[in-house]
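Note sheet for the following structure.
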Amino acid sequence: MNGNLIVVLAAVLLGAPAAAEVTQQYDVSVQQRFQKTRNGAPSARAEEFGEKPNGLLFETYRMDLDTDGYEMSVEGSNIGRNNQFLKTEGGRPGKFTWEVSWDKTPHLFSNEARTFWKHQGEGVMDFPDQLQRYWQSVDVATSGAGSGANFNHRASTGGIMYATKNFFYVPLGFMTETGRMDLKFHPSHHLHVEVGAWRQTRNGTKPQPFSFGFSNALEMAAPIDHVTHEANLDVHYVEKDYQLGIGYRLSDFNNQLPNLWVDNPKRFDHRAIGTHYSAGDGGASGILAMPPDNEAHAVKAEGGWNFARDWRVSGELGYQLWKQKNPMLPYTQNTAMSNTNPIPEGATYTPPFVAANPSSLPYPTVDLNMQVISYMGKLAGRPFEGLRVALAHDAWILENKSQKYEMPGFAQFDQTWHTEAVEPKREELREDKTSLKLDYEVTRWLDTNLGLAHKYFKRTREINKGREDEASLGFTIRPSREFFLNVSGLAAFRRANGYDFQDVPTGVTSAGATWFTDAPGTRRPDVADRNRHQGRVQAQWNRGDAMVSVSGRVTKDAYRANDSLNGNDIRVRSQMYGVLSDLQQSVATDLSVPLCEALSADGYYAVDFASRRIRSGVSNTVAGLAVHQQLPGNEWVTRVIERSHAAGIAFNWLPLAKLKAIVGYDFMFTRGTVDFVDSGRGTAALANVSSITPTRKMHQSARTRAEYKLTQNLTLAANYWFEKFDIADYGFDEVPVRDINNGSIWLGVSDRNYYAHTGSLGVSYKF
Amino acid sequence: MRHLRGAAAVLAAAGIAAGLATARLRAEEVAKTSPASGNKAEFVGAETCLGCHAGHESFKKNLHSKALLNAKNIPFEKSCETCHGPGSLHAGAGGDKANPDFLTIVNPSKLKPAEGAAVCLQCHEGGKRMHWKGSTHDMKNVGCQSCHGMHADKANGGKSPLLKSAKAADTCFQCHAEKKAQIRKGAHMPLVEGKMGCNDCHNPHGSPAEKLLAKDSVNQTCYQCHQDKRGPFLWEHAPVRESCVTCHDPHGSHHERMLITRAPLLCQRCHVGGRHPATPYVLSDADRENSRIFYRGCVNCHAQVHGSNHPSGKYLAR
């Protein structure tokens, strides 16, 4: 980037006088990095949000142009790298300002993903027919087509070897590029107008799960090609005693690859079968619906009025429309699923039409429409000296205006037709909140806060109405301007009477017994009755450049049910399932302290602890009953505990006017455990449960930096940075590409330990 | 409607009460008159101020001094006293803190937070500050000066937004120290990397939503960047539609994708019942990679947990 060119351009743009004050600064460095990763595979975590290359780096550039009343700046960071950011802004503050920026932010998932699916364009994910034919032949040879036995080609060493040869490396990650323009201008000093436009592209790949059957997890590097455009217009009219604002925002999301057409590695030609779910060898291919194109429009009007003496009323009214209209995908790609090709298991497995034919669909398009109406009104003021009051009511109402869809069935795993009328639920939600907050100055050094709130919920779910009442009390002690202590407590009680037992979805087993996809006693934590108690303490001391802050928080949630847990059906066990309790505690401190004239320290330490108890239960068929039964012996409680410690310390040393040194160290450690407690051990699965291996992550980094100001304009810098990451996680450690026990196919993406030494020498030139 | 009517009645009653109230504090009403002589303070101009407060010379390049001139035609000479009030009595005290006239100047940073904010709101009570009064920060005695340094000698060179700290997030971490730790957890958004800031999601100046969110709900806030999750979808997943934080902790988590716990436990919080949702999956040497506990757990098959647009997407697997 040519800085002089920018100065000239700026001068032309602004008509700036030749006497404009211009400052520029370049930061350039030469970096060398040595990184070692466990097992030698390159770690993606180190460069998750930006590459760390070797060689010559253009770290930052900044140019400021300042004239009487006009200003302009150009800045860039990580120039030429995959996380670069460029911005230019300027204008006459108070009259108009503009800003144009371009940002690149990568999100790297892995450098070691391997797959045999290749994206052929238009969302088609396939692999060589030769490979597909080979596996199918192994399947037929070992288990027989449609035999009902699990597909056991995975036991074939030759098959695995053959497959492994066909894996190839793919980059796994995407790049988000965002360009935006904003213009703010003030036609008069009462009128403020903001106009903005924004374009974002997201390209690359992401790990995408898919499945052709139970226990047959597949994972692909799915292509991403998203484009989003947004625009906004906001107008504010501001008077001293009243302000008005209106705004409009458009967001248009476009997915260039709205569907993935995925080859089944276990089947070359389509067949329809009624069982055999665990084999995953029915359809030769399947369709995955990716996020559809959608658009959102939002308008809002807001205002505020200062009236009487020190009172203000303000409010906002908003309306949003979220919609999509896209062609409806066929039920399946499996052409064998049709009325002309009945399968032996029974009529319910045979569709009354060719399921793969789009003309079999009851609707040609998915045309959905949601609206949100939101409003808020607030009255805040000072009824008398020392007391401040805020009374507010707000509502958020999501209405689903989509048409009703009803399908005669659906294709399961692209291999089996389920004749079962299904109707997607049109989710709706209403949340209202009325709150009152009081702040009373008891003395000059003591304030007390009181808060009361009532929330009301309305949903289209198993619990369709609920409320939550909340009360809080707090004290602020401020004995001097330099110190304050906040102590507060909150109690909140959420009640969701009327759990709709009938809303629990049911299914029918092959033996004809009714089973509940969710046990009637389940109380979901986002809607269930809950007693919440929370306490918070915060102290802060400030003097000059020194600041010390300490805070602690405890939140304890107890979930409960105060209505029938079995829907008054005596065949169903009356027990509450789901989250029973949740406890979260944290203590943190942050400080910035000048130790002496030349030395200062910044530091933080935080520890948090979370514990959650979840009760689950396996349901069993009970002789003589027409329902699956929850039995006491089949229940267990899981205790999930997480702890984390984070700390950091940095010293800033200025031994000489020209010399500055920084030494810092950061540490983050998190650990999670899962234990099974209170197990009835009534089933084979429960008899053997044991705690899951704890998971741990630890990240450390140590940094040193020295800067020497050689001349007024030239500064030399030397950096050394050590970084170390350690992980122990059963779920993401040494992920194979082929799971020989279950037949799953993964991308082989593991989270790996690494350490890295990075050194750089840099120059900063200012002129 | 019942709730709306109730709220309207309460608001109206409070409004009437407010009309009867008497106390009002405005910056221009503070300490204009000498307690000793009864003389009224008058404007003296910035050069007089800088005679003693030479450390604020850089204010000439401050955003405030530029904007005041352009927006309100207030020249630099009058800029100090626009916020601090007329300074003749203060200047006349000659730095003698024992002289009552010395205290006739308005210093917002020495006022109580709400009173200090009233000085700023004389000009800034629109736009993003529309709902400041009565907001969480306001009612907890956090004032403008808690975060902003109006003279900005040290922060971002006198440029917007005149924060006390060089990095916006550090301003928030003064009080929200636990978040400073949380954003460093294994799964986090790129805050540490400088690609995001707290104010991308929160409006610290007050908002109609809870937690000072910049948008009217949690999900709308998330949709700012995750438009692909907005839908609507043919098959919705109700808790996803209602609130992303049912499953994700946006400030950072021990678990991948910032999940509040990992699958299958994440899903088993809500799904307990027949067949595989309620099986106590455990690890064993022979079955380490059971797809219901290994890697992403339930999501290994139920890939479209955020919603599916597929007619066969009932179980969010298509």
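Scanning the stretch B:119-128 for residues that are more than 8 Å from chain A (Cβ to nearest Cβ) and either surrounded by 21 or more Cβ atoms within 10 Å (Cβ to Cβ) or under 16 Å from B:G149 (Cα atoms) (or both) gives B:V119, B:C120, B:L121, B:H124. Candidates A:G748, A:G762: the one that is over 25 Å from A:V618 (Cα atoms), open to solvent by less than 30 Å² (accessible area, probe 1.4 Å) and at pLDDT 95 or above is A:G762. Considering the stretch A:563-578 alone, what residues qualify as being open to solvent by 50 Å² or more (accessible area, probe 1.4 Å) and in contact with a strand residue (DSSP E or B) (Cβ under 6 Å, 6 or more places away or on another chain)? Matches in the stretch A:563-578: A:R571, A:R573.
So how many residues does the stretch A:517-536 have that are under 19 Å from B:H248 (Cα atoms) and without any contact (Cβ under 8 Å) to a residue 24 or more places away in the chain? Here the count works out to 1. The number of residues in the stretch A:487-507 being more than 30 Å from the chain's Cα centre (by Cα), open to solvent by less than 30 Å² (accessible area, probe 1.4 Å) and at pLDDT 95 or above comes to 0. Restricting the first member to the stretch B:49-76 and to residues that are more than 20 Å from B:G149 (Cβ to Cβ), and the second to residues that are open to solvent by 60 Å² or more (accessible area, probe 1.4 Å) and aliphatic (A, V, I, L, M), the beta-carbon pairs closer than 9 Å and six or more apart or on different chains are B:P75/B:L69. Residues of the stretch A:517-562 that are part of a loop (DSSP other than H, G, I, E, B), more than 12 Å from chain B (Cβ to nearest Cβ) and buried (at least 16 other Cβ atoms within 10 Å of the Cβ): A:A561 alone.
Can you pull out the residues in the stretch A:291-312 that are more than 25 Å from B:P208 (Cα to Cα) and either surrounded by fewer than 23 Cβ atoms within 10 Å (Cβ to Cβ) or touching a Ser or Thr at 6+ places or on another chain (Cβ under 8 Å) (or both)?
Residues of the stretch A:291-312 more than 25 Å from B:P208 (Cα to Cα): A:291-294.
Scanning the stretch A:291-312 gives a single hit, A:D293.
With respect to (1) within 13 Å of another protein chain (Cβ to nearest Cβ); (2) surrounded by fewer than 16 Cβ atoms within 10 Å (Cβ to Cβ); (3) farther than 30 Å from A:F651 by Cβ, the lone exception for A:F609 is condition (3). Those strands (runs of 3 or more DSSP E) of the stretch A:343-448 in which 2 or more residues are open to solvent by 10 Å² or more (accessible area, probe 1.4 Å) and within 20 Å of B:S207 (Cβ to Cβ) occupy A:365-384, A:387-400, A:429-443. Of all residues in the stretch A:28-48, exactly one satisfies the criterion of being β-branched (V, I, T), crowded, with 16+ Cβ neighbours inside 10 Å and over 14 Å from A:E112 (Cβ atoms), namely A:V28.
Of all residues in the stretch B:103-117, those that are touching a helix residue (DSSP H, G or I) at 6+ places or on another chain (Cβ under 6 Å) and either open to solvent by less than 20 Å² (accessible area, probe 1.4 Å) or not in a loop (DSSP other than H, G, I, E, B) (or both) total 6. Scanning the stretch A:82-102 for residues that are under 14 Å from A:E177 (Cα atoms), open to solvent by 30 Å² or more (accessible area, probe 1.4 Å) and either touching a residue at least 40 places away in the same chain (Cβ under 8 Å) or more than 12 Å from chain B (Cβ to nearest Cβ) (or both) yields a total of 5.
As a summary of the residue check, B:G87 satisfies the conditions (1) crowded, with 19+ Cβ neighbours inside 10 Å; (2) within 8 Å of chain A (Cβ to nearest Cβ) except for the one numbered (2).
Out of all the residues in the stretch A:648-658, is one or more in a strand (DSSP E or B) and closer than 30 Å to B:T261 by Cα? Yes, some residue in the stretch A:648-658 is in a strand (DSSP E or B) and closer than 30 Å to B:T261 by Cα. Residue count for the stretch A:566-586, restricted to those that are of a type in the set (G, A, S), part of a loop (DSSP other than H, G, I, E, B) and touching a Phe, Trp or Tyr at 6+ places or on another chain (Cβ under 9 Å): 1. Test A:K425 against the criterion of being of a type in the set (K, R) and within 7 Å of chain B (Cβ to nearest Cβ), and give yes or no. The answer is yes for A:K425. Using the structure shown, decide if B:A168 is more than 9 Å from chain A (Cβ to nearest Cβ), closer than 24 Å to A:A588 by Cα and within 16 Å of the chain's Cα centre (by Cα). The answer is yes for B:A168. Scanning the stretch B:70-84 for residues that are over 16 Å from B:E47 (Cα atoms), open to solvent by 40 Å² or more (accessible area, probe 1.4 Å) and part of a helix (DSSP H, G or I) yields a single hit, B:K72. If the condition is being facing chain A (nearest Cβ under 7 Å), in contact (Cβ under 8 Å) with a residue 60 or more places away in the chain and touching a Pro at 6+ places or on another chain (Cβ under 9 Å), then the stretch B:233-256 contributes B:L234, B:W235, B:E236, B:R241.
Out of all the residues in the stretch A:594-619, which are over 28 Å from A:T555 (Cα atoms) and among the hydroxyl-bearing types (S, T, Y)?
Result: A:S600, A:S619.
Each row is one residue, and each column tells you yes or no for (1) polar (S, T, N, Q); (2) part of a strand (DSSP E or B); (3) touching a residue at least 24 places away in the same chain (Cβ under 8 Å); (4) surrounded by 17 or more Cβ atoms within 10 Å (Cβ to Cβ).
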| site | (1), (2), (3), (4) |
| --- | --- |
| A:H645 | no, yes, yes, no |
| A:M668 | no, yes, yes, yes |
| A:S679 | yes, no, yes, yes |
| A:S690 | yes, no, no, no |
| A:E723 | no, yes, yes, yes |
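Take the stretch A:725-756 and flag every residue that is part of a strand (DSSP E or B) and either free of Cβ contacts under 8 Å to residues at least 12 places away in the same chain or facing chain B (nearest Cβ under 8 Å) (or both). Residue satisfying the conditions is A:I727 alone.
Considering the stretch A:316-342, the residues that are open to solvent by 60 Å² or more (accessible area, probe 1.4 Å) and assigned to a loop (DSSP other than H, G, I, E, B) include one that is nearest to the other protein chains (Cβ to nearest Cβ), namely A:T335.
Considering B:G38, B:G94, B:G51, the condition of being open to solvent by 50 Å² or more (accessible area, probe 1.4 Å), on the phi > 0 side of the Ramachandran plot and over 32 Å from the mean Cα position of the chain (by Cα) is satisfied by B:G94 alone. Of all the numbered requirements in (1) under 19 Å from B:K60 (Cα atoms); (2) part of a loop (DSSP other than H, G, I, E, B); (3) open to solvent by less than 40 Å² (accessible area, probe 1.4 Å), A:D64 misses one, and that requirement is (2).
So which of B:A18, B:A23 ends up being crowded, with 16+ Cβ neighbours inside 10 Å, closer than 23 Å to A:W311 by Cβ and either in contact with a Gly (Cβ under 9 Å, 6 or more places away or on another chain) or at pLDDT below 80 (or both)?
Exactly one residue qualifies, and that residue is B:A18.
The values are calculated or read from the model by the stated rules, or taken from the named source; none is laboratory data. Keep in mind it's a predicted model, so treat the numbers as computed, not measured. Here Cβ is always computed from backbone atoms with ideal geometry, including for glycine, and neighbour counts include all displayed protein chains. The protein model used for the area step is the full one, side chains on, heavy atoms only, and it has no ligands, DNA or RNA in it. Shrake-Rupley method; radii C 1.70, N 1.55, O 1.52, S 1.80 Å.
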